[in-house]
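Reviewing the structure listed below.
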Number of protein chains: 2
Amino acid sequence: MQPIKQRDSMPLLRRGELAARVGCNLETIRYYEGIGLLPHPPRSQGRHRLYDADLAKRLRFILRGRELGFSIEEIRALLAIADGGGGCADVYALTTQHVEVIRRKIADLRKLQRILTETAARCARDASPECPIIEALQASSADGPLGAASFAVVPNARELGKAVATRP
Amino acid sequence: MQPIKQRDSMPLLRRGELAARVGCNLETIRYYEGIGLLPHPPRSQGRHRLYDADLAKRLRFILRGRELGFSIEEIRALLAIADGGGGCADVYALTTQHVEVIRRKIADLRKLQRILTETAARCARDASPECPIIEALQASSADGPLGAASFAVVPNARELGKAVATRP
DNA sequence: GCTACAATCTGTAGAGACTACAGGATCAAG
DNA sequence: CTTGATCCTGTAGTCTCTACAGATTGTAGC
(Lines give C-alpha, C1' and ligand atoms only; values in the text may rest on other atoms or scores of the structure.)
Protein backbone atom coordinates (compact mmCIF):
# COMPACT_ATOMS: atom_id res chain seq x y z
CA MET A 1 0.00 0.00 0.00
CA GLN A 2 1.40 3.35 -1.03
CA PRO A 3 0.69 6.78 0.24
CA ILE A 4 -2.51 8.06 -1.22
CA LYS A 5 -1.08 10.85 -3.34
CA GLN A 6 -1.28 9.84 -6.96
CA ARG A 7 0.39 10.63 -10.20
CA ASP A 8 -1.95 11.80 -12.83
CA SER A 9 -3.01 8.35 -14.01
CA MET A 10 -6.01 8.26 -11.76
CA PRO A 11 -6.91 11.32 -9.79
CA LEU A 12 -8.84 9.78 -6.88
CA LEU A 13 -12.36 8.93 -7.78
CA ARG A 14 -15.45 9.62 -5.82
CA ARG A 15 -18.00 6.97 -5.23
CA GLY A 16 -20.18 7.64 -8.21
CA GLU A 17 -17.21 7.86 -10.54
CA LEU A 18 -15.83 4.59 -9.26
CA ALA A 19 -19.19 2.88 -9.62
CA ALA A 20 -19.45 4.07 -13.20
CA ARG A 21 -15.93 2.98 -13.96
CA VAL A 22 -16.23 -0.56 -12.61
CA GLY A 23 -19.83 -0.94 -13.63
CA CYS A 24 -21.55 -1.51 -10.37
CA ASN A 25 -24.27 0.20 -8.43
CA LEU A 26 -23.41 3.22 -6.37
CA GLU A 27 -24.66 1.68 -3.18
CA THR A 28 -22.86 -1.57 -3.65
CA ILE A 29 -19.59 0.14 -2.87
CA ARG A 30 -20.87 1.42 0.42
CA TYR A 31 -22.31 -1.97 1.14
CA TYR A 32 -18.97 -3.69 0.62
CA GLU A 33 -17.33 -1.15 2.84
CA GLY A 34 -19.95 -1.76 5.46
CA ILE A 35 -19.38 -5.49 5.56
CA GLY A 36 -15.63 -5.03 5.56
CA LEU A 37 -14.66 -6.22 2.11
CA LEU A 38 -13.45 -2.78 1.20
CA PRO A 39 -11.54 -0.73 3.74
CA HIS A 40 -12.80 2.67 4.81
CA PRO A 41 -11.38 4.93 2.14
CA PRO A 42 -9.87 8.31 2.85
CA ARG A 43 -12.28 11.21 2.71
CA SER A 44 -12.30 14.70 1.43
CA GLN A 45 -12.70 17.61 3.81
CA GLY A 46 -16.43 17.28 3.41
CA ARG A 47 -16.37 13.55 4.22
CA HIS A 48 -16.77 12.42 0.64
CA ARG A 49 -15.08 9.09 0.00
CA LEU A 50 -12.04 9.10 -2.27
CA TYR A 51 -10.86 5.98 -4.04
CA ASP A 52 -7.45 5.28 -5.50
CA ALA A 53 -6.44 2.69 -8.07
CA ASP A 54 -5.80 -0.01 -5.48
CA LEU A 55 -9.27 0.24 -4.09
CA ALA A 56 -10.69 0.18 -7.58
CA LYS A 57 -8.81 -3.03 -8.25
CA ARG A 58 -10.01 -4.55 -5.06
CA LEU A 59 -13.56 -3.67 -5.93
CA ARG A 60 -13.24 -5.16 -9.37
CA PHE A 61 -11.93 -8.34 -7.84
CA ILE A 62 -14.90 -8.57 -5.53
CA LEU A 63 -17.40 -7.94 -8.29
CA ARG A 64 -15.90 -10.47 -10.62
CA GLY A 65 -15.60 -12.95 -7.78
CA ARG A 66 -19.32 -12.61 -7.20
CA GLU A 67 -19.99 -13.16 -10.86
CA LEU A 68 -17.90 -16.27 -10.73
CA GLY A 69 -20.15 -17.61 -8.04
CA PHE A 70 -18.18 -17.02 -4.88
CA SER A 71 -20.11 -16.01 -1.82
CA ILE A 72 -19.21 -12.92 0.11
CA GLU A 73 -17.49 -15.03 2.73
CA GLU A 74 -15.46 -16.89 0.16
CA ILE A 75 -14.35 -13.62 -1.32
CA ARG A 76 -13.43 -12.41 2.11
CA ALA A 77 -11.20 -15.47 2.46
CA LEU A 78 -9.65 -15.00 -0.95
CA LEU A 79 -8.90 -11.39 -0.16
CA ALA A 80 -7.29 -12.47 3.08
CA ILE A 81 -4.99 -14.70 1.10
CA ALA A 82 -4.18 -11.88 -1.27
CA ASP A 83 -3.58 -9.51 1.59
CA GLY A 84 -1.06 -11.96 2.96
CA GLY A 85 -2.63 -11.91 6.37
CA GLY A 86 -1.92 -15.13 8.20
CA GLY A 87 1.10 -17.33 8.27
CA CYS A 88 2.20 -19.64 5.58
CA ALA A 89 0.32 -22.58 6.99
CA ASP A 90 -2.92 -20.68 6.84
CA VAL A 91 -2.28 -19.51 3.33
CA TYR A 92 -1.47 -23.03 2.25
CA ALA A 93 -4.61 -24.44 3.77
CA LEU A 94 -6.80 -21.72 2.34
CA THR A 95 -5.36 -21.83 -1.13
CA THR A 96 -5.51 -25.58 -1.53
CA GLN A 97 -8.99 -25.62 -0.15
CA HIS A 98 -10.11 -22.99 -2.61
CA VAL A 99 -8.41 -24.70 -5.49
CA GLU A 100 -10.63 -27.65 -4.87
CA VAL A 101 -13.75 -25.50 -4.79
CA ILE A 102 -12.72 -23.85 -8.01
CA ARG A 103 -11.97 -27.19 -9.63
CA ARG A 104 -15.53 -28.28 -9.00
CA LYS A 105 -16.91 -25.02 -10.26
CA ILE A 106 -14.99 -25.38 -13.48
CA ALA A 107 -16.18 -28.92 -13.92
CA ASP A 108 -19.79 -27.87 -13.48
CA LEU A 109 -19.50 -24.92 -15.80
CA ARG A 110 -17.95 -27.12 -18.42
CA LYS A 111 -20.87 -29.45 -18.12
CA LEU A 112 -23.26 -26.54 -18.55
CA GLN A 113 -21.27 -25.34 -21.49
CA ARG A 114 -21.35 -28.72 -23.14
CA ILE A 115 -25.07 -29.15 -22.66
CA LEU A 116 -25.88 -25.70 -23.90
CA THR A 117 -23.52 -25.89 -26.83
CA GLU A 118 -24.68 -29.27 -28.03
CA THR A 119 -28.26 -28.26 -27.66
CA ALA A 120 -27.80 -25.01 -29.50
CA ALA A 121 -26.02 -26.82 -32.30
CA ARG A 122 -29.12 -28.85 -32.95
CA CYS A 123 -31.29 -25.78 -33.11
CA ALA A 124 -32.45 -24.78 -36.56
CA ARG A 125 -32.79 -21.13 -35.46
CA ASP A 126 -35.83 -20.62 -37.54
CA ALA A 127 -39.45 -20.60 -36.59
CA SER A 128 -39.66 -24.34 -36.43
CA PRO A 129 -42.26 -25.49 -33.97
CA GLU A 130 -40.10 -27.75 -31.90
CA CYS A 131 -36.94 -26.43 -30.35
CA PRO A 132 -34.28 -28.80 -29.05
CA ILE A 133 -33.27 -26.32 -26.42
CA ILE A 134 -36.71 -26.27 -24.91
CA GLU A 135 -36.81 -30.02 -25.07
CA ALA A 136 -33.45 -30.30 -23.41
CA LEU A 137 -34.74 -28.23 -20.58
CA GLN A 138 -37.72 -30.47 -20.23
CA ALA A 139 -35.53 -33.53 -20.26
CA SER A 140 -35.07 -32.98 -16.57
CA SER A 141 -31.66 -34.06 -15.48
CA ALA A 142 -31.07 -36.72 -18.07
CA ASP A 143 -27.43 -35.82 -18.08
CA GLY A 144 -27.13 -36.44 -14.42
CA PRO A 145 -27.63 -34.00 -11.62
CA LEU A 146 -25.30 -31.57 -13.31
CA GLY A 147 -22.74 -31.57 -10.62
CA ALA A 148 -25.24 -31.75 -7.88
CA ALA A 149 -23.12 -30.02 -5.33
CA SER A 150 -21.04 -27.30 -6.75
CA PHE A 151 -21.89 -25.23 -9.80
CA ALA A 152 -21.70 -21.89 -8.23
CA VAL A 153 -21.25 -23.44 -4.83
CA VAL A 154 -23.28 -20.53 -3.91
CA PRO A 155 -26.68 -19.07 -4.33
CA ASN A 156 -27.18 -15.45 -5.26
CA ALA A 157 -24.62 -14.97 -7.94
CA ARG A 158 -24.23 -11.46 -9.19
CA GLU A 159 -25.78 -10.91 -12.54
CA LEU A 160 -23.21 -9.88 -15.06
CA GLY A 161 -23.54 -6.31 -16.11
CA LYS A 162 -26.38 -5.69 -13.77
CA ALA A 163 -27.28 -2.54 -12.04
CA VAL A 164 -24.93 0.15 -13.04
CA ALA A 165 -25.29 3.37 -11.17
CA THR A 166 -28.80 4.69 -10.95
CA ARG A 167 -29.83 7.00 -13.75
CA PRO A 168 -33.43 8.19 -13.74
CA MET B 1 -52.76 -29.12 -22.52
CA GLN B 2 -54.98 -32.03 -21.82
CA PRO B 3 -57.82 -32.54 -19.40
CA ILE B 4 -56.59 -33.24 -15.94
CA LYS B 5 -58.00 -36.70 -15.51
CA GLN B 6 -55.21 -39.19 -15.62
CA ARG B 7 -54.62 -42.82 -16.38
CA ASP B 8 -52.69 -44.63 -13.75
CA SER B 9 -49.27 -43.41 -14.82
CA MET B 10 -49.29 -40.53 -12.40
CA PRO B 11 -52.13 -40.23 -9.95
CA LEU B 12 -52.02 -36.47 -9.24
CA LEU B 13 -49.35 -35.55 -6.76
CA ARG B 14 -49.64 -33.32 -3.80
CA ARG B 15 -47.10 -30.63 -3.15
CA GLY B 16 -44.80 -32.63 -0.94
CA GLU B 17 -44.81 -35.58 -3.28
CA LEU B 18 -44.03 -33.38 -6.23
CA ALA B 19 -41.22 -31.67 -4.39
CA ALA B 20 -39.71 -35.03 -3.50
CA ARG B 21 -40.09 -36.27 -7.04
CA VAL B 22 -38.44 -33.32 -8.76
CA GLY B 23 -35.97 -32.71 -5.97
CA CYS B 24 -36.79 -29.23 -4.86
CA ASN B 25 -37.88 -27.61 -1.67
CA LEU B 26 -41.53 -27.80 -0.71
CA GLU B 27 -41.91 -24.06 -0.52
CA THR B 28 -40.23 -23.39 -3.81
CA ILE B 29 -43.24 -24.76 -5.60
CA ARG B 30 -45.53 -22.34 -3.86
CA TYR B 31 -43.08 -19.56 -4.56
CA TYR B 32 -43.06 -20.27 -8.30
CA GLU B 33 -46.81 -20.33 -8.27
CA GLY B 34 -46.80 -17.03 -6.45
CA ILE B 35 -44.63 -15.30 -9.04
CA GLY B 36 -46.59 -16.80 -11.89
CA LEU B 37 -44.16 -19.33 -13.30
CA LEU B 38 -46.47 -22.15 -12.36
CA PRO B 39 -50.23 -21.77 -12.82
CA HIS B 40 -52.58 -22.22 -9.91
CA PRO B 41 -53.10 -25.95 -9.82
CA PRO B 42 -56.45 -27.60 -9.23
CA ARG B 43 -57.23 -28.35 -5.61
CA SER B 44 -58.76 -31.15 -3.65
CA GLN B 45 -61.98 -30.59 -1.70
CA GLY B 46 -59.85 -29.49 1.22
CA ARG B 47 -57.89 -26.99 -0.91
CA HIS B 48 -54.79 -29.12 -1.18
CA ARG B 49 -52.95 -28.52 -4.43
CA LEU B 50 -52.94 -31.35 -6.92
CA TYR B 51 -50.32 -31.61 -9.64
CA ASP B 52 -50.52 -33.58 -12.83
CA ALA B 53 -47.75 -34.67 -15.14
CA ASP B 54 -47.82 -31.45 -17.13
CA LEU B 55 -47.26 -29.31 -14.12
CA ALA B 56 -44.49 -31.59 -12.95
CA LYS B 57 -42.86 -31.19 -16.32
CA ARG B 58 -43.17 -27.46 -16.17
CA LEU B 59 -41.63 -27.38 -12.74
CA ARG B 60 -38.73 -29.50 -13.89
CA PHE B 61 -38.23 -27.12 -16.76
CA ILE B 62 -37.99 -24.21 -14.39
CA LEU B 63 -35.62 -25.95 -12.02
CA ARG B 64 -33.42 -27.15 -14.82
CA GLY B 65 -33.31 -23.71 -16.31
CA ARG B 66 -32.24 -22.27 -13.00
CA GLU B 67 -29.52 -24.85 -12.71
CA LEU B 68 -28.30 -23.90 -16.14
CA GLY B 69 -27.99 -20.36 -14.97
CA PHE B 70 -31.02 -18.71 -16.52
CA SER B 71 -32.69 -16.02 -14.50
CA ILE B 72 -36.30 -16.20 -13.44
CA GLU B 73 -37.23 -13.67 -16.09
CA GLU B 74 -35.38 -15.58 -18.77
CA ILE B 75 -37.18 -18.70 -17.78
CA ARG B 76 -40.43 -16.83 -17.92
CA ALA B 77 -39.54 -15.88 -21.47
CA LEU B 78 -38.52 -19.41 -22.36
CA LEU B 79 -41.76 -20.73 -21.00
CA ALA B 80 -43.70 -18.19 -22.99
CA ILE B 81 -41.94 -19.36 -26.11
CA ALA B 82 -42.55 -22.98 -25.23
CA ASP B 83 -46.19 -22.27 -24.48
CA GLY B 84 -46.70 -20.25 -27.60
CA GLY B 85 -44.80 -22.66 -29.79
CA GLY B 86 -43.06 -19.64 -31.27
CA GLY B 87 -39.81 -19.70 -33.17
CA CYS B 88 -36.65 -20.66 -31.42
CA ALA B 89 -34.34 -18.02 -32.81
CA ASP B 90 -34.60 -16.12 -29.56
CA VAL B 91 -33.95 -19.24 -27.59
CA TYR B 92 -30.88 -19.87 -29.66
CA ALA B 93 -29.59 -16.35 -29.14
CA LEU B 94 -30.12 -16.53 -25.42
CA THR B 95 -28.36 -19.84 -25.23
CA THR B 96 -25.29 -18.97 -27.24
CA GLN B 97 -24.94 -15.74 -25.38
CA HIS B 98 -25.06 -17.77 -22.26
CA VAL B 99 -22.38 -20.12 -23.45
CA GLU B 100 -20.08 -17.20 -24.08
CA VAL B 101 -20.56 -15.91 -20.56
CA ILE B 102 -19.77 -19.34 -19.21
CA ARG B 103 -16.67 -19.57 -21.36
CA ARG B 104 -15.32 -16.39 -19.83
CA LYS B 105 -16.09 -17.57 -16.37
CA ILE B 106 -14.19 -20.76 -16.91
CA ALA B 107 -11.23 -18.79 -18.20
CA ASP B 108 -11.15 -16.61 -15.11
CA LEU B 109 -11.58 -19.53 -12.78
CA ARG B 110 -8.63 -21.23 -14.42
CA LYS B 111 -6.53 -18.15 -13.85
CA LEU B 112 -7.52 -18.10 -10.25
CA GLN B 113 -6.80 -21.76 -9.89
CA ARG B 114 -3.37 -21.46 -11.41
CA ILE B 115 -2.35 -18.62 -9.17
CA LEU B 116 -3.64 -20.24 -6.04
CA THR B 117 -1.87 -23.47 -6.88
CA GLU B 118 1.37 -21.66 -7.48
CA THR B 119 0.98 -19.77 -4.26
CA ALA B 120 0.43 -22.96 -2.33
CA ALA B 121 3.50 -24.48 -3.92
CA ARG B 122 5.65 -21.50 -3.10
CA CYS B 123 4.26 -21.57 0.36
CA ALA B 124 6.13 -24.77 1.00
CA ARG B 125 9.39 -22.90 0.36
CA ASP B 126 9.02 -19.18 0.83
CA ALA B 127 8.12 -17.70 4.11
CA SER B 128 5.66 -15.14 2.80
CA PRO B 129 4.44 -15.94 -0.66
CA GLU B 130 2.60 -13.33 -2.58
CA CYS B 131 -0.69 -14.20 -4.13
CA PRO B 132 -1.62 -11.86 -6.95
CA ILE B 133 -5.17 -13.05 -7.44
CA ILE B 134 -6.54 -9.54 -7.38
CA GLU B 135 -4.57 -8.75 -10.51
CA ALA B 136 -5.82 -11.91 -12.15
CA LEU B 137 -9.42 -10.76 -12.30
CA GLN B 138 -8.84 -7.21 -13.43
CA ALA B 139 -9.10 -7.25 -17.21
CA SER B 140 -11.59 -10.05 -17.29
CA SER B 141 -13.50 -8.47 -20.17
CA ALA B 142 -14.99 -5.45 -18.56
CA ASP B 143 -12.36 -2.86 -19.41
CA GLY B 144 -13.52 -2.38 -22.91
CA PRO B 145 -14.44 0.93 -24.47
CA LEU B 146 -17.38 1.47 -22.24
CA GLY B 147 -16.63 -0.80 -19.36
CA ALA B 148 -19.43 -3.12 -18.54
CA ALA B 149 -21.10 -3.33 -21.90
CA SER B 150 -19.87 -6.78 -22.81
CA PHE B 151 -21.45 -8.62 -19.97
CA ALA B 152 -24.61 -10.63 -20.02
CA VAL B 153 -27.18 -12.65 -18.29
CA VAL B 154 -27.75 -14.25 -14.89
CA PRO B 155 -28.64 -13.29 -11.34
CA ASN B 156 -28.93 -15.64 -8.43
CA ALA B 157 -28.33 -18.97 -10.03
CA ARG B 158 -29.88 -21.91 -8.32
CA GLU B 159 -27.20 -24.10 -6.83
CA LEU B 160 -27.34 -27.42 -8.55
CA GLY B 161 -28.80 -30.18 -6.53
CA LYS B 162 -29.74 -27.93 -3.67
CA ALA B 163 -32.51 -28.09 -1.19
CA VAL B 164 -34.62 -31.15 -1.46
CA ALA B 165 -37.83 -31.15 0.50
CA THR B 166 -37.49 -30.37 4.15
CA ARG B 167 -36.94 -33.39 6.34
CA PRO B 168 -36.30 -32.74 10.02
C1' DG C 1 -66.99 -43.77 12.96
C1' DC C 2 -63.23 -42.12 15.61
C1' DT C 3 -58.54 -41.19 16.80
C1' DA C 4 -53.87 -39.93 15.76
C1' DC C 5 -50.32 -38.39 13.25
C1' DA C 6 -48.65 -36.77 8.90
C1' DA C 7 -49.11 -33.55 5.28
C1' DT C 8 -51.08 -29.03 3.63
C1' DC C 9 -52.97 -24.79 4.14
C1' DT C 10 -52.13 -19.51 4.84
C1' DG C 11 -49.47 -15.73 6.05
C1' DT C 12 -45.38 -13.88 7.50
C1' DA C 13 -40.54 -13.61 8.68
C1' DG C 14 -35.64 -14.46 7.80
C1' DA C 15 -31.20 -15.03 5.06
C1' DG C 16 -28.10 -13.30 1.70
C1' DA C 17 -26.77 -9.75 -1.26
C1' DC C 18 -27.86 -5.99 -2.78
C1' DT C 19 -30.70 -1.49 -4.23
C1' DA C 20 -33.51 2.59 -3.39
C1' DC C 21 -35.03 6.52 -1.03
C1' DA C 22 -35.36 10.62 2.12
C1' DG C 23 -33.55 14.67 3.98
C1' DG C 24 -29.59 17.14 4.51
C1' DA C 25 -24.50 18.52 3.50
C1' DT C 26 -20.84 19.37 -0.02
C1' DC C 27 -18.75 20.24 -4.54
C1' DA C 28 -17.77 22.62 -8.57
C1' DA C 29 -19.29 25.38 -12.53
C1' DG C 30 -20.77 29.80 -13.67
C1' DC D 1 -22.41 33.32 -4.15
C1' DT D 2 -25.82 30.65 -6.23
C1' DT D 3 -27.36 26.40 -8.03
C1' DG D 4 -27.75 21.73 -9.60
C1' DA D 5 -25.28 17.50 -9.34
C1' DT D 6 -23.17 14.47 -6.17
C1' DC D 7 -22.46 12.58 -1.76
C1' DC D 8 -23.55 11.87 3.14
C1' DT D 9 -26.19 8.77 6.70
C1' DG D 10 -29.67 5.79 7.99
C1' DT D 11 -33.28 2.93 6.96
C1' DA D 12 -36.40 0.42 4.13
C1' DG D 13 -37.37 -2.41 0.12
C1' DT D 14 -36.26 -6.16 -3.56
C1' DC D 15 -35.25 -10.79 -5.18
C1' DT D 16 -35.07 -15.74 -4.67
C1' DC D 17 -35.82 -18.69 -1.85
C1' DT D 18 -36.43 -21.09 2.83
C1' DA D 19 -38.46 -21.63 7.40
C1' DC D 20 -41.86 -21.37 10.85
C1' DA D 21 -46.48 -21.03 13.35
C1' DG D 22 -51.07 -22.12 13.99
C1' DA D 23 -55.04 -23.95 11.82
C1' DT D 24 -57.03 -27.58 8.49
C1' DT D 25 -57.20 -31.74 5.92
C1' DG D 26 -55.95 -36.60 4.68
C1' DT D 27 -55.50 -41.20 5.90
C1' DA D 28 -54.22 -45.50 8.44
C1' DG D 29 -55.50 -48.19 12.11
C1' DC D 30 -58.78 -49.56 15.49
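Which residues, counting only those in the range B:38-55, are open to solvent by 60 Å² or more (accessible area, probe 1.4 Å) and under 19 Å from B:R76 (Cα atoms)?
B:P39, B:H40, B:D54, listed by residue number.
Taking only pairs six or more apart or across chains, which ones have beta-carbon atoms under 7 Å, a first residue in the range B:44-57 that is assigned to a loop (DSSP other than H, G, I, E, B), and a second residue that is of a type in the set (G, A, S) and within 13 Å of DNA strand C (Cβ to nearest atom)?
B:L50/B:S44
Return a yes/no flag: does the range B:120-143 have any residue that is outside any helix (DSSP H, G or I), modelled with pLDDT of 90 or more, buried (at least 20 other Cβ atoms within 10 Å of the Cβ) and within 16 Å of DNA strand C (Cβ to nearest atom).
Yes, the conditions are met somewhere in the range B:120-143.
Could we say that A:H40 is more than 11 Å from DNA strand C (Cβ to nearest atom) and more than 14 Å from chain B (Cβ to nearest Cβ) here?
yes
Taking the options A:A53, A:A19, name whichever one is of a type outside the set (D, E), modelled with pLDDT of 95 or more and within 8 Å of DNA strand D (Cβ to nearest atom).
A:A19
Report yes if B:R66 is within 11 Å of DNA strand D (Cβ to nearest atom), more than 9 Å from chain A (Cβ to nearest Cβ), among the basic types (K, R) and outside any helix (DSSP H, G or I), otherwise no.
Judged against the criteria, B:R66 is not a match.
A:L13 versus (1) near DNA strand D (Cβ under 10 Å from one of its atoms); (2) within 14 Å of chain B (Cβ to nearest Cβ); (3) open to solvent by 50 Å² or more (accessible area, probe 1.4 Å): which is the lone unmet condition?
(3)
Cβ-Cβ under 7 Å, sequence separation 6+ or interchain: first residue in the range A:64-81 and within 12 Å of DNA strand C (Cβ to nearest atom), partner of a type in the set (D, E, K, R) and part of a loop (DSSP other than H, G, I, E, B). Which pairs?
From the range A:64-81, the pairs are A:R66/A:R158; A:E67/A:R158.
Residue under question is A:G87, and the condition is that it be more than 7 Å from chain B (Cβ to nearest Cβ) and modelled with pLDDT under 85; does it hold?
Considered against the rule, which asks whether it is more than 7 Å from chain B (Cβ to nearest Cβ) and modelled with pLDDT under 85, A:G87 comes out as yes.
Out of A:L112, A:L78, which single residue is at pLDDT below 85 and outside any loop (DSSP other than H, G, I, E, B)?
From the options A:L112, A:L78, the qualifying one is A:L112.
The values are calculated or read from the model by the stated rules, or taken from the named source; none is laboratory data. Keep in mind that this is a model prediction, so the values were computed, not measured. Virtual Cβ from ideal backbone geometry, glycine too; neighbours counted across all protein chains shown. All accessible areas refer to the heavy atoms of the entire protein, side chains included, with ligands and DNA or RNA removed. Shrake-Rupley method; radii C 1.70, N 1.55, O 1.52, S 1.80 Å.
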